């Protein structure tokens, strides 16, 4: 959040600016107010102000004098400033721009739209400055910071620190003895990952900046290092006077605030795993491994929260063996016995509730079944591509899921497709046109209603994906194309009946006339009205 300070000697204007817009919508929070420039200068550094709204004319220290002193200080050289002025103060406003102010607002003409637009531009400019500063900070990161980050990273990986930096790294590590540390693992959901390398680097910088900024607000030193794509190791050095219970509460609040900031400002879903408090740097590697295991609990219990040891260890941490009776399951699939569904679902439910089990171990159970089904398909002269219609194998797709529930939905649908493809009765039906004819007759009876491939597949007792492939193969059209054509042809037959266009639309299953007209024109090249006029003119 951008931290905002309002400076004006008139309370009514301070109140108006505070209440006029929803500051949080612009990623801002008002953290302080002052009635003159002198008081404002005292607040800039301790309150870590990012943006100042300051009146030009004030007692004790005017807005211009405030600007001059602000720009002379190192802390205020990059602070964003918007000046507030009366209609008669344009000369002062021009002088203010010499000090690098972003914009100005006329006090006598305050309105939410204009103020919001000015704030939005200022925030965008500030973010550009922050990005530029962070890039410079990254490029010119002090040697001490590099050494500390590298030492932490090395210990996380159970490696020795670099020889050339050994003495300085050792001095720092020795200085941490006796203090208390918490090692955390932060995992970002891959679903929001950028596609290009530069965006990924920029996003990583913002994630690191957010962690440090939030930790700084709690006066906690944070060392952050990217371990792998979407995975960060974070060391929090706790203040010496903080009690254990207080530390637990502060860490929890701090991590939840980080999750919230990443979600609101970057649309990222993040999950934390939190180790026990330790006092020896030699334990950092083990602590990180522990915290990563807790973070992976998101696979079972969901992302977007911080997991502590007690959140996970209350569960058994075991998978019920065997997950499936594989020979029986394969026999059911091959023989066309629908009993496979109950057997599969029981195993899927058990895997979804294997809280505390390493995710890789859980995924192995899915892979093992897929390998067995691959062998079954091979024996019938089939491959996964014949079943799914996609070049990517299910084994590759499996690793893309980050939570058990959506994985189970996909996995169940996949096995249903296998069943439909190899079930002897279904294979006979596939070579029998009556199945598609049955679906066509069902469409003829229901096309005027809201229908879908799901409804149609349920009406004939096969999966959506299986019906989709079979329908296209037999008719040369997709299910949607056939339904659309049927509806448009029926609408054309009604054109001479005297019915209004919206009535025809409703009769053929389009309660929205605009949507009907769009579909009709896409199929015929003319709007319904144009088509009817042309038909009646003949």
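The values are calculated or read from the model by the stated rules, or taken from the named source; none is laboratory data. As the structure is a prediction and not an experimental result, all values here were calculated from the model. Cβ: placed from backbone, ideal geometry, glycine included. Neighbour counts: every protein chain shown.
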Revision key, fill the gap. For residue 58, the lone unmet condition from (1) over 24 Å from residue 27 (Cβ atoms); (2) touching a strand residue (DSSP E or B) at 6+ places or on another chain (Cβ under 8 Å); (3) surrounded by fewer than 22 Cβ atoms within 10 Å (Cβ to Cβ) is (3)
Practice item. Please enumerate the residues belonging to region 344-366 that are in a helix (DSSP H, G or I) and crowded, with 16+ Cβ neighbours inside 10 Å. Key: 344, 347, 348, 350, 351, 352, 359, 362, 363, 365, 366
Practice item. Report yes if residue 440 is over 30 Å from residue 340 (Cβ atoms) and in contact (Cβ under 8 Å) with a residue 40 or more places away in the chain, otherwise no. Key: no
Check your understanding: Of all the residues that make up region 312-332, how many are surrounded by 12 or more Cβ atoms within 10 Å (Cβ to Cβ) and closer than 25 Å to residue 361 by Cα?
Key -> 14
Review point. Say we look at region 461-474 and pick out the residues that are part of a helix (DSSP H, G or I) and more than 34 Å from the chain's Cα centre (by Cα); which of these is surrounded by the fewest Cβ atoms within 10 Å (Cβ to Cβ)?
Key: 473
Check your understanding: If you check 207, 147, which single one turns out to be modelled with pLDDT under 85 and not in a strand (DSSP E or B)?
Key -> 147
Exercise for review: Please work out which residue is nearest to residue 24 (Cα to Cα), limiting yourself to region 130-142 and to residues that are surrounded by 14 or more Cβ atoms within 10 Å (Cβ to Cβ) and at pLDDT 75 or above.
Suggested key: 130
Practice item. Could you look through region 370-423, keep only residues that are in a loop (DSSP other than H, G, I, E, B) and more than 30 Å from the chain's Cα centre (by Cα), and pick out the one that is surrounded by the most Cβ atoms within 10 Å (Cβ to Cβ)? Key: 423
Review point. Looking at residue 58, is it touching a helix residue (DSSP H, G or I) at 6+ places or on another chain (Cβ under 9 Å) and under 25 Å from residue 263 (Cβ atoms)?
Key: no
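For every residue, the table says whether it meets (1) out of contact with any helix residue (DSSP H, G or I) (no Cβ under 9 Å at 6 or more places or on another chain); (2) surrounded by fewer than 18 Cβ atoms within 10 Å (Cβ to Cβ); (3) assigned to a helix (DSSP H, G or I); (4) at positive phi.
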{"position": "455", "(1), (2), (3), (4)": "no, yes, yes, no"}
{"position": "459", "(1), (2), (3), (4)": "no, yes, yes, no"}
{"position": "477", "(1), (2), (3), (4)": "no, yes, no, no"}
{"position": "484", "(1), (2), (3), (4)": "no, no, yes, no"}
{"position": "504", "(1), (2), (3), (4)": "no, no, yes, no"}
{"position": "520", "(1), (2), (3), (4)": "no, no, yes, no"}
{"position": "526", "(1), (2), (3), (4)": "no, yes, no, no"}
{"position": "532", "(1), (2), (3), (4)": "no, no, yes, no"}
Review point. Using beta carbons and a limit of 7 Å, which pairs, at least six apart or on different chains, have the first residue in region 240-257 and assigned by TED's automatic domain parsing to the domain that holds residue 185 and the second one assigned to a helix (DSSP H, G or I) and surrounded by 15 or more Cβ atoms within 10 Å (Cβ to Cβ)?
Key: 242/250; 254/214; 254/215; 257/214
Review point. Restricting attention to region 213-220, does a residue exist that is assigned to a helix (DSSP H, G or I), touching a strand residue (DSSP E or B) at 6+ places or on another chain (Cβ under 6 Å), buried (at least 17 other Cβ atoms within 10 Å of the Cβ) and at pLDDT 85 or above?
Key: yes
Review point. Among the residues of region 173-188, is any buried (at least 18 other Cβ atoms within 10 Å of the Cβ), part of a helix (DSSP H, G or I) and either assigned by TED's automatic domain parsing to the domain that holds residue 261 or modelled with pLDDT under 90 (or both)?
Key: yes
